[in-house]
1. Find which of ASN69, GLY42, VAL87 sits farthest along the positive direction of the dipole of region 31-98, computed with +1 on the beta-carbon of Lys and Arg, -1 on that of Asp and Glu, about the Cα centre.
2. Determine the per residue accessible area of region 45-88 with all protein chains present and a 1.4 angstrom probe, expressed in square angstrom.
Amino acid sequence: GAQVAADATKTAGIYSGLGALGGGLGGGMIAKYCWVAREVYGEHNPAWKMFRMWMFLESPTWFFKLYKNYGERFANFIADKPRLKAVIRKWMDSKIRR
């Protein structure tokens, strides 16, 4: 139980630190990798930020590289495809445990 609590505290601290970074000077750098999540969830839904944290902290390296290299183009591609966005949202939700 103590280890679970310690792990949760550590994760919360990391999320808090990245959130502070996102709100400060580094915000543009971190936000630039969130095209698909913002397209799927919407700019004002905080779930895109939760997905961003998952991507930076937990996602496999291959996924991060793929997202970084093709995310912006893919977000533009799905912009007018609500059914595809719904499928992607369901997958993203599974990553952020919603």
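The values are calculated or read from the model by the stated rules, or taken from the named source; none is laboratory data. Note that this is a predicted model, so its numbers are computed, not measured. Counting neighbours? That spans all protein chains shown, and the Cβs are built from the backbone with ideal geometry, glycine included. Keep in mind that these areas ignore ligands, DNA and RNA; they rest on the heavy atoms of the full protein, side chains included. Shrake-Rupley method; radii C 1.70, N 1.55, O 1.52, S 1.80 Å.
1. VAL87
2. Per residue, region 45-88 has an accessible area of 66 Å².
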